[in-house]
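Data first, discussion second: the structure below is written as structure tokens.
The values are calculated or read from the model by the stated rules, or taken from the named source; none is laboratory data. All figures in this text were calculated on a predicted structure; none of them were measured in a lab. As a convention, Cβ positions derive from the backbone with ideal geometry for all residues, glycine included, and neighbour counts pool all protein chains shown. Heavy atoms of the whole protein, side chains included, go into the accessibility calculation; ligands, DNA and RNA do not. Shrake-Rupley method; radii C 1.70, N 1.55, O 1.52, S 1.80 Å.
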Amino acid sequence: MDRIRRWVQALFFLITNGYWNFPLTRGIYQGPLKVICSPGLNCYSCPAATSYCPLGALQQLIAGVRLSLENGQFFVGFYVVGAMGAIGSFVGRMVCGWACPFGLFQELLHKIPSPKFAVWRPLRYLKYALLLFMVILLPLFVVDESGFGHTWFCKYLCPAGTLEAGLPMLLLQPALRANLGLLFLNKLFFLFLFVAWSVVASRPFCRTACPLGAFYGLFSKIKLVKLRLDPEKCTHCQACHAVCPMGVRFNESPDDMDCISCLACSKACTFNAINLEVGGVSLTGQAPQRLRRIHP
């Protein structure tokens, strides 16, 4: 199953970054596919991106709400919120483990031989603060003279944007280098921080600082596709603790908001106590054995 997940990750990377004509155009794709919401964190300004980043689009939406209301435009488009909600209610944070390019990037970095360290568990709550403040409140309330807000997370922190858009565009358009300043250095710092951290710890950005993962995590109890724990089979051996890339203790918290349904715990469980379900129907569990008829 892990091999299948790798192929799915690669497929989503190619689908969401399928515009390979950018070395000739030296710009970003602006075609009709750009209206499609990417399930994972994938920068809109990446030269190869064929879809838009849901997190960036959400900030753009919220940043323009006050300006729209002040101009008497009471119809605010919520397509991006609906798309994110549909994805979240169907698979939740499974997106992070199966369809997010930056999640795949962190996994590959973690394979580099090095000492490995755990991520301090209280840091997991930081991403919810970033979702609340940098994605929602600041774009809504901190506006410029025209009444339009800023995409705070994309502009000041997002390492995926720096990796996928900032650095490639500097190579494609060298004239942009003249405009580099403290803002770019700030984002470069966060990129290097999470790159280095990903080598020694598993998925640190996903676990501590990704607002998109925080949003999808809110659907952990109601999502259609999820991992299910069979308490009758679980022996509390804690084998699932050691293999989880997100630090989830699945036998203690089956509906943990950080679970990305990567199936590592299901593979490690020798008692078949963890199964992938779709609408309550098991996909990975073994069929129950029939009771043998005992003849007198």
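See the values below:
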| item | result |
| --- | --- |
| C-alpha center-to-center spacing [segment 195-247, segment 27-89] in angstrom | 26 Å |
| Per-residue HN-Hα couplings for segment 264-275 [Karplus 6.51, -1.76, 1.60; θ = phi - 60°; Hz; x = Gly/Pro] | 5, 5, 4, 5, 6, 6, 7, 9, 6, 8, 10, 10 |
| Amide hydrogen neighbours beyond the local backbone of residue 36, cut-off 5 Å, H modeled | 52 |
| Accessible surface of the chain, 1.4 Å probe, proportion on carbon and sulfur as whole % | 68 percent |
| Degrees separating the helix 101-110 axis from the principal Cα axis of the chain, which is the longest one | 70 degrees |
| Max mean-square fluctuation residue, GNM over the chain, Cα-Cα springs under 10 Å, options 186, 275, 251 | 186 |
| Using alpha-carbon coordinates, inclination of helix 79-91 to the longest axis of the chain, degrees | 20 degrees |
| Listed candidates (i) 64, 46, 35; (ii) 87, 49, 38; (iii) 75, 47, 42 - label of the one calculated as Cα extents along the principal axes in Å | (ii) |
| Expected 222 nm ellipticity per residue - DSSP helices of 4 or more, -39500 (n - 2.57), all of the chain, to 500 | -11000 deg cm²/dmol |
| Percent RCO, i.e. relative contact order, over the chain, from Cα pairs under 8 Å lying at least 6 residues apart | 21 percent |
| HN-Hα J in Hz across segment 50-60 - Karplus 6.51, -1.76, 1.60, θ = phi - 60°, x for Gly and Pro | 9, 9, 9, 7, x, 5, x, 5, 5, 5, 4 |
| Lys, Arg +1 and Asp, Glu -1 on Cβ, resulting dipole of the chain about Cα centre, debye, nearest 20 | 880 debye |
| Accessible area per residue in Å² at 1.4 Å probe, computed on segment 59-153 | 54 Å² |
| Anchor residue 111: lysines whose Cα lies under 28 Å away (excluding residues fewer than 8 positions away in-chain) | 127, 187, 226, 267 |
| Nearest 10 degrees, 0 to 90: helix 182-200 Cα axis against the chain principal axis | 20 degrees |
| Max mean-square fluctuation residue, GNM over the chain, Cα-Cα springs under 10 Å, options 98, 20, 152 | 20 |
| Segment 178-252: trypsin sites (Lys or Arg not before Pro) in DSSP loop, at most 12 other beta carbons within 10 Å | 221 |
| J(HN,Hα) series, segment 16-23, from Karplus relation 6.51 cos²θ - 1.76 cosθ + 1.60, nearest Hz, glycine and proline x | 7, 10, x, 9, 9, 8, 5, x |
| Gaussian network model of the chain, springs between alpha carbon atoms under 10 Å - residue of 63, 118, 214 with greatest fluctuation | 118 |
| Segment 1-96 shape via C-alpha gyration tensor axes, a/c threshold 1.5 | oblate |
